[in-house]
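The values are calculated or read from the model by the stated rules, or taken from the named source; none is laboratory data. Since the structure is predicted, the reported quantities are computational estimates derived from the model, not experimental observations. All Cβ positions, even for glycine, are placed from backbone atoms using ideal geometry, and neighbour counts span all protein chains on display. Only protein heavy atoms, including side chains, enter the accessible area calculation; ligands, DNA and RNA are left aside. Shrake-Rupley method; radii C 1.70, N 1.55, O 1.52, S 1.80 Å.
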Amino acid sequence: MVTATVDEIFASIQGEGPWVGQRQLFVRFTGCDLRCGYCDTPEAVKTPNEFPRVCRAQLSPLTFERETIPNPLTAERLTYLCGRLAVAGRASQVISLTGGEPLLHREFLAHWLPDMRSNYRIFLETNGIQHAALKELASLIDVVSMDIKLPSATGQEERWNEHRMFLETAVGKDLCVKTVVTRDTVPEDLMKAAALVAPVAPSIPFIIQPAGGRLSPSAEYLIRLQNQALALLDDVRVVPQVHKVLLVP
């Protein structure tokens, strides 16, 4: 039986990137292959032996109240938990696969997503490294929100080659690239990211997302970075995490 360990399931608004404000249903998978210094989802990046024993599942789209469901989840169980959060109306239902890194669950997603696509638009939030998994699942995904991890922001090694291969695989999808910027981010890193995108997809939204709290960069610095990136790309936007401003999950 194919299963996955899920940290939480909830309905809220998309708080990042060009789809800010869109109603989405979020499935937050556990596990990540990175440990970014600004990560704001510590429960989702634990190692397998630390994975949560229960999933926190929202009860209805009208309340943020949750119940705990034993992990791991089968595809059938996850489908049910998502279905009870659907909002009636004409708008397309959107499921955001997030984490952690959802592409680490490629076998489960390959099993689960074919049945989901008849009722939902599939939105992938990813760290932009697992290009082989994306290639395998590409026909099951509608929207890709890809991070490019800047070494001076993450405190990790550079991943330019992996990001390039991922971006080339994602072209053709409804696609954007996001870079999280901290007060420690150097302009050279951001320009490397812009130069990586420019020959592949120069017109997609390129999002500069400021980190919050003690890591937050100044407004003047964000404008400077945006000006520099606009020399290479058509659509560069500074977009903070709006859901944190609104105090929603």
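Heavy-atom accessible area per residue, the chain, 1.4 Å probe: how many Å²? Don't skip to the answer; put the middle values down first.
On the way: 11260 Å² over 249 residues.
With the other protein chains kept in place, the chain gives 45 Å² per residue.
Considering the chain as a Gaussian network with a 10 Å cut-off on Cα pairs, which listed residue, Pro199, Pro102, Pro187, attains the greatest mean-square fluctuation?
Pro199
For the chain, what does -39500 (n - 2.57) per DSSP helix run (n ≥ 4), summed and divided by total residues, give at 222 nm, in deg cm²/dmol to the nearest 500?
Values: 8 runs with 69 residues, N = 249.
Calculated at 222 nm, the ellipticity per residue is -7500 deg cm²/dmol.
Can you list the lysines whose alpha carbon sits under 23 Å from that of Lys192, skipping same-chain ones fewer than 8 residues off?
The reachable lysines, counting only those whose Cα sits under 23 Å from Lys192, are Lys149, Lys173, Lys178.
First check a/c for segment 1-126, with a ≥ b ≥ c the square roots of the eigenvalues of its C-alpha gyration tensor; if it is under 1.5, answer rounded, and if not, answer prolate when a/b is larger than b/c or oblate otherwise. Display every interim value, and only then the final one.
Details: a/c = 1.44, a/b = 1.24, b/c = 1.16.
In terms of gyration-tensor shape, rounded.
Quick one: compute the contact order of segment 29-142, relative version, from alpha carbon pairs under 8 angstrom and 6+ residues apart, as a percent.
On the way: 148 pairs, mean separation 29.1, N = 114.
This gives 26 percent for segment 29-142.
Taking Cα atoms, how many degrees apart are the long axis of helix 187-197 and the longest axis of the chain, rounded to 10 and kept between 0 and 90?
60 degrees
List the residues whose amide H sits under 5 Å from the amide H of Phe26, counting only those 5 or more places along or on another chain, with H placed 1.01 Å from N in the peptide plane.
It is Phe10, Ala11, Ser12, Ser96, by chain and number.
Given contacts defined as C-alpha pairs under 8 Å and at least six residues apart, what's the relative contact order of the chain, whole-number percent? Show your work: numbers first, answer last.
Working: 516 pairs, mean separation 44.6, N = 249.
Contact order relative to length: 18 percent.
When DSSP beta bridges are limited to those with both residues in the chain, what percentage is antiparallel, rounded to the nearest 5?
35 percent
What shape does segment 126-249 take by its C-alpha gyration tensor, where a ≥ b ≥ c are the square roots of the eigenvalues and a/c under 1.5 counts as rounded, a/b above b/c as prolate, and the rest as oblate?
Numbers: a/c = 1.62, a/b = 1.38, b/c = 1.18.
In terms of gyration-tensor shape, prolate.
How much net charge surrounds Gly155 when only other residues with a Cβ under 11 Å from its Cβ are counted (Lys, Arg +1; Asp, Glu -1)? All intermediate terms of the calculation are to be shown ahead of the outcome.
On the way: positive: Arg35, Lys149; negative: Glu157, Asp184.
Counting the neighbours of Gly155, the net charge comes to 0.
What percentage of the solvent-accessible surface of the chain, computed with a 1.4 Å probe over protein heavy atoms, is contributed by carbon and sulfur atoms? The partial results should precede the final answer.
Numbers: 5830 of 11260 Å².
Carbon-and-sulfur percentage of accessible area, whole number: 52.
Just to check I understand the Karplus step: with θ = phi - 60° and J = 6.51 cos²θ - 1.76 cosθ + 1.60, what whole-Hz values come out for segment 93-99, glycine and proline as x?
These are the phi-based 3J(HN,Hα) values: 7, 10, 9, 9, 8, 9, x Hz.
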